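As structure tokens, the structure follows; a few thoughts come after it.
Bear in mind that the values in this text are calculations on the coordinates, not laboratory data. None of these values were measured; they are calculated from a predicted model. Here the Cβ is made from the backbone with ideal geometry for all residues, glycine too, and neighbour counts use every protein chain on show.
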Amino acid sequence: MKKSFISLLAVSALVLASCGKTAECEVCPTVADPANDPATINVQFVPSKNADNIMLVAPALESLLAANIPGHTFKISVGTDFNAVLEGMDAGQVQVGFLTSQQYAQASLERPGKVQVLLTSVRNAMYVQQLPYAQQVEYMNNQANGYHGEYVIDKLSNLSASANPAQYKEVGTTMDLKATAYAAQLTTMKTTYDAGLTSIKGLAGKKVCALSSSSGSGYIYPSVLFYENGLTWTTSTPDAAKGEVQYIQVSGHTDSLKALLRGDCDAAFSYNDARRDLYWASASSGAADSDSDGVIDEYKDIFTNTRVVALSTLIYNDTISASTSISQDLRNQIQRAFMDIIKTEDGLKALSAYTHIGYKLATDSDYEGERTVYKFKVEHLNK
Ligand SMILES: [Ca+2]
């Protein structure tokens with residue numbers, strides 16, 4: 001009885017904590033009055049390699065936003081750093097912020113109720129990403145499906161002549177096309193998998209390839225997986241009894257897989273599914289495709305010779321988030337405006353400068369995993 005009462009309290013606390021942050025929030029404690037919404041909406045980007053690009057198209061985006069939300073003008077700028085953007089949103093001086101998933105997670109933890117995630121940007125998705133998360137590893141390991149890490153391609157005209165049109169066509173015509181998140185993937189050789197390495201816990205005492213400590217899918221999300229399974233990295237000989245895993249550092253996602261294929265490590269982390277970058281021929285790969293079947297000769301067996309051991313918690317794409325200092329009505333209008341704008345040619349041109357090609361509605365609960373990762377970084381990686 002006591003336990004369920006405490007659970008009820010915990011649930012109530014969660015509901016209260018999430019109010020003001022989600023579109024679903026039914027009873028929001030502090031609802032800004034639309035009458036107090038500013039005439040000029042400041043939209044701010046966090047400095048990044050894309051920030052210069054977005055400023056080139058800022059005037060176009062400002063006009064499109066103003067046309068979609070009558071009664072307001074828009075001013076786009078790049079903040080001096082992430083904290084400046086967040087402080088601006090907290091203080092009501094910045095109404096809309098383009099935050100990464102980790103930045104949103106930090107904002108929601110450190111300034112609860114001050115920022116509402118409106119949208120998550122989407123990317124072209126692999127077919128497997130459309131399946132329920134729990135089924136994805138099984139699907140990737142089921143060779144009867146002929147899984148080759150296919151992207152879903154929405155326009156068949158995008159296919160190069162050398163790609164595998166039959167496979168793309170089958171996928172592209174049957175499923176939704178975009179995903180808001182991806183994951184870190186742990187891959188091992190089929191022989192290793194068949195010998196029993198089928199779970200994260202099985203890595204104790206093994207050598208695992210991973211990227212530098214700043215890489216999300218190549219190190220940070222994998223480290224959270226380790227932590228949750230009682231494993232730790234070591235750079236020396238690993239003690240399996242202590243849950244140690246030897247860290248073999250590689251410089252890139254395909255390097256990680258190449259090192260696995262060479263036998264430098266027992267399993268390898270990459271984003272999912274980096275195997276396709278070795279398998280499918282592309283203009284940039286420069287690798288041999290002697291029979292022009294769209295598959296790189298050297299890596300034609302990578303999907304049959306390897307297996308996926310696990311995926312990390314989902315890694316969400318960039319967000320568009322709003323300060324809760326503006327009314328819920330205006331936040332909803334901004335959310336709708338970005339979704340409508342990116343469907344237009346001019347809007348897509350402007351927003352693709354920030355690598356956005358579409359949006360899906362976001363909810364705060366999408367970011368539970370991202371908050372876990374953020375807290376892990378603060379506690380264990382000193383970030
Ligand atoms: Ca070939």
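For the stretch 312-356, state the average projected area of the convex hull of the C-alpha atoms over all orientations, rounded to one decimal in nm².
That works out to 4.3 nm², a quarter of the Cα hull's surface.
Compute the separation of the alpha-carbon centres of the stretch 195-220 and the stretch 85-109 and state it in Å as a whole number.
When both Cα centres are located, 32 Å separates them.
Pairs Lys49/Lys75; Lys201/Lys360; Lys114/Lys377: which are spaced more than 28 Å apart, C-alpha to C-alpha?
From the list (Lys49/Lys75; Lys201/Lys360; Lys114/Lys377), the Cα-Cα distance tops 28 Å for Lys201/Lys360.
Taking the Cα of Ala51, stepping 7 Å toward and past its beta carbon, and measuring to each backbone N in the stretch 83-114: which are under 18 Å?
83-90, 93-104, 107
Please report Cys209, Cys265 as a ranked list, fewest other C-beta atoms within 10 angstrom at the top and most at the bottom.
Lowest count first: Cys265, Cys209.
Count the net charge of all other residues whose Cβ sits under 11 Å from the Cβ of Asp291, scoring Lys and Arg as +1 and Asp and Glu as -1.
The answer is -2.
Tell me, Ser108, Ser256, Ser282 in order of fewest to most beta-carbon neighbours within 10 Å?
Fewest-to-most Cβ neighbours within 10 Å comes out as Ser282, Ser108, Ser256.
Take the alpha carbon atoms of the stretch 326-366, find their center, do the same for the stretch 229-282, and report the distance between the two centers in whole angstrom.
When both Cα centres are located, 36 Å separates them.
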